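> Starting off with a structure, shown below.
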Amino acid sequence: MEILRQGVFALYQDGWLPEMFQYAFLTNALVAALLIGPLLGALGPLVVVKRLAFFSEAVGHGALTGVAIGILLGEPATQPLVGLFCFCIIFALLLHWVKSRTQVPYDALVGVFLSFAIALGAALLLYVAKRVNVHILENVLFGSILTVKDIDILILAIITVLALVLLARGANRALLASLSPELARTRGIKVRLYDYLFIMLITLVTVASVKVVGAILVGALLLIPATTARMISRNGRQFFWLSVLFSTLSCLFGILLPMAGTLPIPSGAAIVIIASAGFVLALGVRRWRKME
């Protein structure tokens, strides 16, 4: 973590970053953006291919319940990490387990779990709000990059390393298992194992990103840059790298512009608005290509 902060501070000293980055909490915010952007961008293509956008939304909303449970169990209101991660992991695994054993359409099943998570989270947060500062709950909903602490960056760094290792070792097999499970099985690929690993990875990344993007919006950052990249990419390699690029730029500008006062809105909202603007621009590029 210190190495990352020193790298950002060195950019400030060299004149690449504005004067406000002399403060540690702003440096933490930029480091978090540099971790979350590429991570969500790398996972986004698989989310789009596997049609799990609605699933990531459900996990993000489940974070509300996880935060409330953590606070009720006595964790610090600003860092209810055990309750947050435990509930969301159980929630995601149970959802995927039920999906594999029923004939209920996946979108309907996710809708049921999503509705339950929102209802339970709302009930618990209403009770928790009487015991803690209500602004803490706003940070959970919409994200607050300025409250990122060392422990948040450490968690993001660990999950980033884990994701990179898994993607480097099994990205192609995971993609084949997503596109054609039957063909993957003929090649000895354990499709169910890769499904559960990917579900766990999405859950961990989503929960770790809640502090920055917010529970309501984190699913959008997995979906929008990847969808944008898919519209204008010509092959799988471009699809992947453009998704990483768009997600990273959305995070950077979504953090820098509110800090500079250009967009006086929460960082999570700014990140998603900028990603959406990129999506609209990509629509224009795609239409222009068709007219050629």
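> For the stretch 157-292, which semi-axes, largest first and in whole Å, follow from the square roots of 5 times the eigenvalues of its Cα gyration tensor?
Details: eigenvalues 173, 93, 23 Å².
Three semi-axes, in Å: 29, 22, 11.
> Just order 32-38, 122-128 by mean Cβ neighbour count inside 10 Å, highest at the front, would you?
In descending order of packing, they fall as 32-38, 122-128.
> Return Glu75, Glu182 ranked ascending by Cβ neighbour count within 10 Å, so the fewest neighbours appear first.
Lowest count first: Glu182, Glu75.
> Here's a follow-up. Between the stretch 213-264 and the stretch 79-101, how many Å separate their Cα centres?
25 Å
> Another question, then. How much length would be gained if the chain were fully extended between Arg289 and Leu73, taking 0.36 nm per residue of separation minus their Cα-Cα distance, in nm to one decimal?
72.2 nm
Values in this text are rule-based calculations from the coordinates and carry no lab data. From a predicted model like this one, the values you see are computed outputs, not experimental measurements. Glycine gets a Cβ as well: all are built from the backbone with ideal geometry, and neighbour counts include every protein chain shown.
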